[in-house]
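Below: the structure, in structure tokens.
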Amino acid sequence: MPVKLKYGNNTTRTAAKPSLIHSRLVRGLFIAAIGVVAIGVIVFSYFYVHYQHVVDDRLNAGPIFSSVSQIYAAPREVRSGQKFTAASIAADLRQAGYNNNPKLGTFQLNGDNIFIKPGPESYHNTDGATINTTGGAVQSITAENGAALTGYELEPQLITALSEDKNRTKRSLVTYQEIPPRMVQAVVAIEDRDFFNHGGINYLRTIKCGLQDVISHHMSCGGSTLTQQLARGFFLSPEKKITRKLREIMITFQLEARFNKQQIFEMYANQMNLGHIGSYEINGFGEAARAFFGKPLGQLDTAQCALLAGLLQNPSYRNPYRHPERAMTRRNVVLDSMVETGALTASEATRAKAEPLGLAPPNIDASEAPYFVDLVHDQLVKRIGDQDISHQNLRIYTSLDPDLQRAASDAVETGMKNVDELVNKLHKRKGQEGGPITYPQVALIAINPHTGQILALVGGRNYGVSQLNHAIAERPTGSTFKPFVYAAAYNTSLNGMSLGDSGVFTALTKLNDDSQDFGTADKPYTPGNFVKGEYPGMVTAATALAHSLNIATIALAQQIGYGNVAALARSAGIVNARGTPSMAIGAYDAEPLDIAGAYTVFANNGVHLTPWMLASVRNSNGDIVSDFSPEAKQVLDPRAAYLTQSLMEGVINYGTGASVRSQGFTAPAAGKTGTEHDAWFAGYTSNLLCVVWIGNDDYTDIKIEGAHAAAPIWAGFMKRAIQLPQYSDVKPFSPPEGVTVAHIDRVSNLLVDPTCSDNTFYVAFLDGTAPVNSCSQMGDNQQNFLQKIFGIGGSKDKPVVPDSGHPPTTQSPAPIVRSAPNTPPDGNAPDATQPAAPKKKNFIQKIFGGGKDKQQQQPPTTPPQ
């Protein structure tokens, strides 16, 4: 029996061995698992703490988003009689932020009446007003205290934000409360449907995308939640690696632990890139709403919200300006997703899909005035002295008129197409077809001639292509300089000095336009006129400026002293002018912006106004940081300014600028063309001054006159401007005391009476210097028979300078002399057509004075510029 017992014992011991091995294996595996978990916890804890510090460093460095300074336009003034409705005023105020931000201001709309109440952070003080707009026009404006007002300024509109950094990033911050619910629903539907429920990671989706990426060897599968996208955008580089994905997850845990879902969505809404416009990257829904739709985020409809949500994935590929079909297709996918999540009904989605994209005009120059904004930034740095001014959360109030800026941008866009056509024709005419073509650049500046306020500025034809601001690039001024020669001549006469044998300078003073040498013994200088070989001989000053005759203008500058002309020009802001013969025809450089300022001398009674764009800088609470005052200086006698202006009216009415009239601009205006390598036109009305420059960046001659290249753009802009209520009340120019406007017969250079020809013009004279006789009294010039034969004696070659501005009483019909604006009695502009070319006189005409002589000939139909 013991054998059995031993066997039994042996059997038991043998069976126990596998059980023991299994137990030890389980324990080993368990310990290993615990070790792995422990190591994992340690590693996780290490990286959790590490990325906690990363997030801390990012969050403790300052606000999550830097507060960017904002640029505002000039306030719009509502005046009695203007065509405004209460609803349109409400839309303007809503656009400015009223009611959404009570600290900025509120309004109450009640039918045709609107009550406006600025808040403590408003640009204005807190005085409110009620505007009545019965019949579609402003009928009355009443202050809060019951006083009647003639005008009331609305809150300035936001133009744009300053760029955040050298990468030219723009962002307009919004709070979660300012994000429309449809925007939230659209983003969640297309990007992360479980956003408000998960803890930051969609584990199933992440594992699925991880396996897919490993199999395909491409890191292309989506699967990131909104929080992960935010983590990636805030802290990580765009490279696609597994290690980056792990870091992204760690940061996601940090964000979910620190912020609630609304805060995370708000950060996401302000961070995400939605493409670019021009040279700027557009970050955040707030900036995208303004960039793509021209309105605040809170005013977007369902379809527009869906479009922005659709841009989150590959915004460049779906840029709605470049690829509208792709953008619309993606928008409709978002709308379908919103139906699936229950955010929209099928009928609502169908209606939204039927909407066009509704984009704002793609011209960034029209909507954001980027060249203007760059100048504002540069001036702020100079005046306030902080290089990081874009991050100070300032409210920068400027001179810009957004309506006029759009008009300027549209005129440039349209006009440069015409210029390009002229360049192409010139290229073909030279037999260079197929070779490279240089297309010129452009600048347009519009200012208020009585305040110096820069109302609109275009510094180039496309800011996205070139940020070089041609409005402040120095170029030869060409014939836009010539009015300063004539102004200096008038100034000389007013100071009691005579111009040689000519006596007192007037519009009828004869100037020699024959070929002359204005050089020195060492260096001759014999300039020609724009039309080669054309020398009209003796011409009146009015003709010389109207038809931009070079030789006559230099001859005049020589008589009054080159230094006197240069001194006047420098005092008017053309600082490079020097007392040389070539100065008189614009050989020295000036910025188009400086020319605009210089022309305020003529438009503003001799007072030079330095163009300005900064009005006030406020902090985020509306407190004044700095206010700026315009600079003004009297540099010319008001009478000399008006007399010169009168000659410049002739430029537009019958001279080189007559193309302005042929293009349908009929309002009273004065101006001057310019052609010297570049093409210019500078001109103004009673309430708006505009300078247009066109030229090549490589400084080559564009070979197109200012009359054909720049003047049409000027006319196109001015026609748009006078359609705006604030510039529609153009008035004739009013002469100052001591100046008389006379109606002159061009054949005789005497006063007009019913016996004169139709070839007449209006021009101003200093009192006592206008002609006394009329054209019917041409024989009353005290010349005898022999003097008439040989053309000697009398006053035939110089203007009559009577002692009084009142013509003597005669038996002949009364000539027209009046102290009134330089327009005909019917109020319309004089005939813009040019006189026919004169016929040569035969011998009999020379003896008896018939026909015209050399002194009275007019330039050809295509005059020099």
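The values are calculated or read from the model by the stated rules, or taken from the named source; none is laboratory data. If you're wondering where the values come from, they're calculated on a predicted model, not measured in any experiment. Heads up, the Cβs are rebuilt from the backbone with ideal geometry, glycines too, and the neighbour counts pull from every protein chain shown. Side chains are part of the model used for accessible areas, which takes the heavy atoms of the whole protein and leaves out ligands, DNA and RNA. Shrake-Rupley method; radii C 1.70, N 1.55, O 1.52, S 1.80 Å.
How do 108-116, 142-150 rank on mean C-beta neighbours within 10 Å, highest first?
By packing density, highest mean first, the sequence is 108-116, 142-150.
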Problem - Within the accessible area of segment 485-554 (1.4 Å probe), percent carbon and sulfur - result: 49 percent
Problem - Relative counts (whole %) of C-alpha pair distances in segment 667-770, using bins that are 10 Å wide - result: 14, 28, 29, 24, 5, 0
Exercise for the section: Grab the beta carbon distance between ILE207 and SER620, set R0 = 41 Å, and tell me the FRET efficiency rounded to 0.05. Expected result: 0.35
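Can you work out the accessible area per residue across segment 52-195, with the rest of the protein chains kept in place, probe 1.4 Å, in square angstrom? Don't skip to the answer; put the middle values down first.
Values: 6710 Å² over 144 residues.
Counting only protein heavy atoms, the per-residue value for segment 52-195 is 47 Å².
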Completion exercise
Honestly segment 250-374 on the Cα gyration tensor test (a ≥ b ≥ c root eigenvalues; a/c under 1.5 rounded, otherwise a/b vs b/c for prolate or oblate) is just oblate
Fill in the blank from the handout: Expressed as a percent, the accessible surface of segment 624-697 that is carbon or sulfur, using a 1.4 Å probe and the full set of protein chains, is 46 percent
Fill in the blank from the handout: Computed curve, segment 348-463, Cα-only Debye sum without solvent term, log₁₀ I(q)/I(0) at 0.10, 0.16, 0.23, 0.24 Å⁻¹, is -0.50, -0.88, -1.24, -1.29
Completion exercise
Two pseudo-spin positions, 7 Å from Cα along C-beta at ALA91 and at GLN262, lie apart in nanometres by 3.2 nm
Problem - Sequence of SER515, SER399 when ordered by accessible area, the most exposed leading, probe 1.4 angstrom - result: SER515, SER399
Fill in the blank from the handout: For segment 261-371, the dipole about the Cα centre with charges only on Cβ (Lys and Arg +1, Asp and Glu -1), to the nearest 20 debye, works out at 160 debye
Practice task
Sort the following peptides by mean Cβ neighbour count (other Cβ atoms within 10 Å, averaged over residues), highest first: 610-616, 491-497.
Solution key: 610-616, 491-497
Handout entry: Stretchable slack from VAL41 to LEU359, in nm (0.36 nm times residue separation minus alpha-carbon distance)
Key = 109.3 nm
Problem - Charged-residue dipole, Cβ positions (Lys, Arg, Asp, Glu), segment 66-192 about Cα centre, Debye nearest 20 - result: 240 debye
Completion exercise
Taking R0 as 51 Å and r as the Cβ-Cβ distance between ARG383 and ALA521, the FRET efficiency 1/(1 + (r/R0)^6), rounded to the nearest 0.05, comes to 0.55
Exercise for the section: Describe numerically, in nm with one decimal, the distance between label points set 7 Å from Cα along Cα→Cβ at ASN100 and at ARG429. Expected result: 5.3 nm
Practice task
Kindly flag which residue pairs out of LYS83/LYS295; LYS425/LYS672; LYS83/LYS719; LYS425/LYS703; LYS428/LYS719; LYS208/LYS353 have an alpha-carbon separation exceeding 21 Å in this structure.
Solution key: LYS83/LYS295; LYS425/LYS672; LYS428/LYS719; LYS208/LYS353
Problem - Label-to-label distance, nm, for residues given as THR438 and ASP301 (7 Å Cα→Cβ offset) - result: 4.9 nm
Problem - Sequence-distant aspartates and glutamates (8 or more away, or on other chains) whose Cα lies within less than 16 Å of LYS510 - result: ASP501, ASP745, ASP797, ASP853
Exercise for the section: With a 1.4 Å probe and every protein chain kept in, tell me what percent of the accessible surface of segment 236-352 is carbon plus sulfur. Expected result: 51 percent
Fill in the blank from the handout: The FRET efficiency for ASP729 and ARG578, from their Cβ-Cβ distance with R0 = 60 Å and rounded to 0.05, is 0.90
Practice task
Mind checking the full-extension length gain between LEU20 and ASP56? Use 0.36 nm per residue of separation minus the Cα-Cα distance, one decimal, nm.
Solution key: 7.7 nm
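Once you have the Cα-Cα distance between GLU153 and SER347, take 0.36 nm times their residue separation minus that, and quote the gain in nm to one decimal.
Residue separation times 0.36 nm, minus the Cα-Cα distance, leaves 65.5 nm.
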